[in-house]
Structure formats: C-alpha cells, structure tokens
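The values are calculated or read from the model by the stated rules, or taken from the named source; none is laboratory data. Worth saying up front: this structure is predicted, and the values here are computed from it rather than measured. Quick reminder, even Gly has a Cβ in these numbers, built from the backbone with ideal geometry, and neighbours come from all protein chains shown. For the accessible areas, the whole protein counts, side chains as well, though only heavy atoms, and no ligand, DNA or RNA atoms are used. Shrake-Rupley method; radii C 1.70, N 1.55, O 1.52, S 1.80 Å.
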Amino acid sequence: MKYESQKVALAYFAVALGLFAIQVLGGLLAGFVYVQPNFLSELLPFNIIRMLHTNSLIVWLLLGFFGAAYFLIPEESEREIHSTKLAYLQLAILVLGTLGVVVTYVFNLFEGNWLLGKEGREFIEQPKWVKVGIVVAALIFLYNVTMTVLKGKKTAITNILLLGLWGLALLFLFSFYNPSNLALDKQYWWYIVHLWVEGVWELIMASILAYLMLKLTGVDREVVEKWLYVIVAAALFSGILGTGHHYYWIGTPSYWQWIGSIFSSLEVIPFFAMMAFAFVMVWKGRRDHPNKAALLWSLGCATLAFFGAGVWGFLHTLHGVNFYTHGTQITAAHGHLAFFGAYVSLNLAIISYAMPILRGRDPYNQVLNMASFWLMSGGMAFMTFVLTFAGTVQTHLQRVNGDYFMDVQDQLALFYWMRFGSGVAVVLGALLFIYSVAVPRREVIASGETAEVPAE
C-alpha cells in the first residue's frame, strides 16, 4: 500500500460486504415467498422484504464506489486523502442512516409521517431524515475527494470518476421533489433511477475498470485513457436521452416513444466498448499480475454488463415490443443480470484487487475467489434465462390472451422454483467470496537464501 490513507477503503469495503450478504439473503427470501406466498407474511411482508433487498443493493454498491474512490484516488493523485477523519465521519453517517432505514421498514415506524416515515416511491422509500443524512454524507465525500484531486495530480481516471460521483449526488436531490401529479412524479423519479444506473454510474464503472486494467495489465496509460474517453462519450450520448424508454406509458408525449427507442438502442454501444476494452487491454498487456481473481472479475464485469444491460436491455427497449413486455419477468431478468454484471461484479473486482494490498499480503484464496465468481455468475445467468422464459410465457398469456394476472402467476410456479434454486447458488457464491477476501490462507514463506543453522 503506497499511501497510508488508503486504509479508509478497508472500512468501506467491510461494511459493503456485510450489506452484500444481507442483500442476497433478502433476495433469496423474496424468491422463496414467490413460491410460498404465506411464508413470514405476518412477521415480514413481501413488500418489506423487497424494499430491504433493493435498498441494501443500492447502499452497498454506493459504499463500494466510495471505497474504490478512497483507494484509487490517492494513487492517481499521488497524495494522501485530504481528510481521513471526514471519510470515517461520512461512513458513520451512512451506517446510521442504513440502520434507521432497516428499523423503520421492518417495524413500520412513523407510518404517514412526512419526515420520519418511509415514502411510497420504489428504490427511494427512505424517510426524509435519512435522505438528508445521505446528502450530508455525499457532500462530505465530494469535498474530501475533490480537494484531494485538486491538490494533486489530475488524470483522466480521476476526472471521469469525479464527474460520475458529482452527477450521482446531484441527481439524488430529485428524491426530495415529489409532485402530486403521478406522471410528473414518474418523470422526475426516472431522473434518479435511470440516470444513475445508465448514466453517471457508467462513468464510475468505466473509470474504476480503467484503473484495474492499468494495474493488472500494464498497458500504457495513454491507451487506457483514449478508450476511457470514447466509452464515456458513448455512454452520455446514448444514456441521457435513453431515459425515454421509461416514458412510453406514463403519460408523457408520444414523441418519447421514438426518442426512447432510438437512443436506448444505442446504449448497447458503450457496454460493448467496455467489454472490448477489457479484453483488448488483457491481450495487449505486458504484465503477468499475480491477482488472477481480480482480473477474472474485471473481465466478467465487462462481459456480463454487455449481456445484462446491453443485450437483455435491447430485447425489450423498442416501444412496439415494450408495449407487451413492460412490467413482466423479462424486466426482472434484465435488471438482475445488468446490476450483477455492471456494478456488483465491478465492486467485487476492485475489492479482490484492493483487499490483499490493504491488508499487506499477497493475493490469497484465489481459487475460492474464482470459484465464487463462477458460482455467482452461473447462478445469475441461469436466473436470467429462467426469468426470460417466464416473462415470455407471461407476456403471451397476460398481454395477448388477456388472462388474469394471478392465474398467470400460478402457471409460472415452475420457473419461480428454478429461480429460487439459482438464488441459492448466488448466495453460496457470495458467502464464499466474502470468506475468500476476509479470511487469509495460512502464510506461505517465500523461498530465499538458506539461513545458517548453528552446529550442535
């Protein structure tokens, strides 16, 4: 570890992995409720389980991004983090807010209270006081990393990363605006949900992936930066107006159907470019880096993101197709593989790379780490195919034949059982990953000069 302040990232990664475990266990529980609807229905209703599953996903990904920034920015800027005390204060605020959200959701506290109670807006259900805490933590973070970069060396990686992180924080401010008009509410709601995951988060993804390729392959920085600028330009060009594919059926003017269809079709390009970038960098690389697990996660991130966000997104993004498929299990298939490929795998890649450095050891438990990659990726790929088939059947029965929603759900039970089975594989893979990076193997003494043994 080159800079002492990089140790801040260790705390962020530890909390993120704890929430990762909660998130996948919550997803597994939700999958079981799909096939056994009355399970825990009085103690923990499905809507609460789903909120915990999706909210813990968002929070642990953000913590991973923050940790990645605190790890890579000192190296890129060639100076210590501006203030480690502020970094730990930011983490404490986020942990307190997370605990407050969990308690509020599970025990249904302060129902109907505009400040303390949860809101009814998917993904941003957090109470107002938690949202304020998130904004305060984000401001602390942005001040900390921006001052670090401004006082140090500036690179394309830090510039793009800061652009993505500032965009992330600013777009979250729309969560405070909740107009009474439902169509207007949804329009601004997508400013957060879409422009995060298909806008500024892509900038964060591209910059962290570029950093990993730089470290793992040894390719010249100039080459990496050229690729990075092309990817970012394509992501912003397609992603901003690509928001229109969410505006088809919410009451907005009909021209959004064409704008959304055209620009969201182009969103495949930046994800394909990221996949090509990763493999070309490895092909051109001159470095045989010992951390094979981090390299596997990096390549897996780029590949699964292309298929999950790019290919599966394109499958139902044209408005003529989306008219039938929106809100079906095809959407769930796309969402699961896209999030896992683009952002879960990205965080696991940077954690796999950084954790041995932060703990002052050579890469360890690589076989277990790589086994967790194949277990999680295989489980998620199978889940995606299962949900795609379920969504296809659902679309025909519900949207074409006009069958009732619950009657169709009964006919999808076999698919939901298979989805639950794939969820078991993902959970086992996640727990295996956490073990592999948290528990080092027994130290192996490197061979060197033979010590002299005194004669008896």
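Table for the structure above
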| item | result |
| --- | --- |
| Size-normalised alpha-carbon gyration radius of the range 218-313, reference 2.2 N^0.38 Å | 1.33 |
| Centre separation in Å (Cα based) which lies between the range 308-381 and the range 137-189 | 23 |
| Volume in Å³ per residue [convex hull over Cα atoms, computed for the range 374-431] | 60 |
| The range 328-448 - Kirkwood radius from inverse mean 1/r over Cα pairs (Å) | 16.4 |
| Candidate lysines for bridging to Lys128, where Cα separation is under 23 Å - those fewer than 8 sequence places away on the same chain excluded | Lys118, Lys186 |
| Phi-based couplings in Hz for the range 352-360 (Karplus 6.51, -1.76, 1.60; Gly and Pro marked x) | 4, 6, 7, 4, x, 5, 5, 9, x |
| Rg/Rg_globular for the range 96-173, with Rg_globular taken as 2.2 N^0.38 Å and Rg from C-alpha atoms | 1.39 |
| The chain, Rg to Rh (Cα coordinates; Rh as Kirkwood inverse mean 1/r) | 0.98 |
| Principal axis box of the range 157-202, alpha-carbon based, largest edge first, Å | 40, 17, 8 |
| For the range 14-87, Kirkwood radius (reciprocal of mean inverse C-alpha pair distance, Å) | 14.3 |
| Per-residue ³J(HN,Hα) for the range 238-255, Karplus 6.51 cos²θ - 1.76 cosθ + 1.60, θ = phi - 60°, Hz, x for Gly and Pro | 8, x, 5, 7, x, 3, x, 6, 9, 9, 4, 10, 10, x, 7, x, 5, 5 |
| Between the range 238-290 and the range 29-103, the alpha-carbon center distance in angstrom | 25 |
| Given charges at beta-carbon only (K, R positive; D, E negative), |dipole| of the chain in Debye | 520 |
| Highest-first arrangement of 43-54, 155-166, 293-304, 399-410, where packing means the average Cβ count within 10 Å | 293-304, 155-166, 43-54, 399-410 |
| Relative contact order (%) - criterion: Cα under 8 Å, at least six apart; region: the chain | 14 |
| Directionally averaged shadow of the range 1-148, computed from the convex hull of its alpha-carbon atoms, nm² | 9.1 |
| Cα-based convex hull volume of the range 152-252 per residue, rounded to whole Å³ | 88 |
| Solvent-accessible heavy-atom area per residue, rounded to whole Å², over the range 1-131 at 1.4 Å | 43 |
| The range 314-379, Cα convex hull volume normalised per residue, Å³ | 85 |
